[in-house]
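Taking it in order: structure first as structure tokens, then the write-up.
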Amino acid sequence: MAQAINEESLQKSQCDELMLLLPHLCLEAATLLLTDATFEEAVNKAFDIGEQALSDLLNPPKTQEQLNHDMAVAMALAGDTDQQHQLESTLSTTRDVEEREDELPIRPTGIMRHDKELSEKYNTARLSGRKGIGDLSHSNIKISNKVYNSLSRTLHHRKTAKGMQTHGGSRVSKESRGTSDSGVLDQRTRKIVMHLINKQILESLSGVIATGKEASAYAAFGVGIPLVPGNEGEGKGKGEGESTPAPTRPPPQHLVVKFFRTTLSQFKNRYEYIEGDSRYHKSKFRNMNTSAALKIWAAKEYRNLIRLHRCGIPVPQPYHVHDHTLVMEMISRSGSGIPAPQLREVKLSPQRLRHVFIHVAVSLRAMYQRAKLIHGDLSEFNILYVGGKEKPVVLIDVGQSCDLSHPKHIEFLGRDCHTILDFFHRRCKKVNISLGLPSTEELLMYVVSEADEEKGADGALLSNEAMDKLAMKRIKRKMKV
């Protein structure tokens, strides 16, 4: 007896609390919602079915059969037997029709959840009264599970602002977890930028320089390398009154910060550039999630840039890598801070066009012979033009560059030769000139074949500059003009 009294008092207090939270509820509605449900479930149900549907649940409209029955009773009391017989015949025909249950938004459970019509009626009742949908309680609309899920996702998306849900919960929306095509930094990338600034690697980050299919490049200013702790002040001497001078800090310069796009779901399709390379043959790249794959890809490009730069090949000097972020030297004309244009963006005279092709071919050969790498994606988009006589072009985007141990390195190199020759052929055709360009096979053999003249008397290789001069003479002899 005491337990029943306690349960009754608990239910009454919950009804009062529910009516205080939702003032539009009456005592009957609150009691109905709390039947066989917890307080949280009652609140969720009240929000799900809406105010109009809840009113219909308490006072459901009469069906046509009930209206006909009431009319027959009224006619019988009035003594109109003809009208009574007519209504009774109508009543008997409507009894064979399946009773509508639109006004009863009860979730089908058990074996009934497989009933298509009941599920569609339940979906309609749940969406009825929600903002942007309207009142569906008195309509014959039936909403399938697919349509209901799509509408629910749309309504859920509208309740997010600045990446956070406005209706409760702690999940961050997808927009704040992925870089977009317009170059906007996501939340995780912004934390990396703050980390680079706190480590004094960067002083500032400017606007977007270029946006590619897999990454975005931003202009920045700073030292570029992390400072060793203690370098900011004076060192302590061994004896009293003695001090060691603080290490000289590298001067700040214009930099490029490359952010790989974290929402690139097709990125792992490039596993053939990773798993075929002997340096990463145990990485299992294709089975990684996108974040781990981007981290390996950024580290691979950083590693390739270091090797190419040490071999004297014209590439940006790398400074730092952190997760999917790469900090490198900005390629500009005479250090002006204005990024150098891509090769496709400049108009060159026939003499300069020939000069540029010679240097591109020499760089391809130097990558193969000295750095033991092939580019893998060389095109006019991945070559920057800086002008000058010594090194007019700089190669970029070497994340897919592979070691010569890769089983497809000759296939990738042949594709690079074909792509770059196609660009120069199109430029020559546009201005109606002929540079005597070699064929794809001739350029490929020029890159891979060794030359005895590049070795000294002791069998050792000559310096990088001497090898490049000899390679330049060889490619000029191959050109027919």
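The numbers here are math on the coordinates, done by the rules we state, and not lab data. Computed from a predicted model, the values in this text were never measured in an experiment. Here the Cβ positions follow ideal geometry from the backbone for every residue, glycine too, while neighbour counts run over all protein chains shown.
Once the C-beta distance of Lys199 and Ser463 is scaled by a Förster radius of 22 Å, the resulting FRET efficiency is 0.05 to the nearest 0.05. Exceedance of the 18 Å cut-off in Cα-Cα distance is limited, within the set Lys258/Lys295; Lys45/Lys121; Lys191/Lys258; Lys191/Lys300, to Lys191/Lys300. Here the label points at His418 and Arg344, each 7 Å from Cα along the C-beta direction, are separated by 1.8 nm in the simple model.
Close amide-amide hydrogen proximity is noted between Gly337 and no other residue 5 or more places distant or on a separate chain, at a cut-off under 5 Å (H modeled in the peptide plane; Pro and chain starts excluded). In segment 343-478, inverting the average of 1/r over every pair of distinct C-alpha atoms gives 15.4 Å as the Kirkwood radius. Placing +1 on the Cβ of every Lys and Arg and -1 on the Cβ of every Asp and Glu, with nothing else charged, gives segment 323-481 a dipole about its Cα centre of roughly 960 debye.
Short-range pairs are left out: with C-alpha atoms under 8 Å and at least six residues apart, the relative contact order of segment 335-481 is 26 percent. Annotation for segment 350-454: GluC sites (Glu not before Pro) lying in DSSP loop with at most 10 further Cβ atoms inside 10 Å of their Cβ are Glu390, Glu450.
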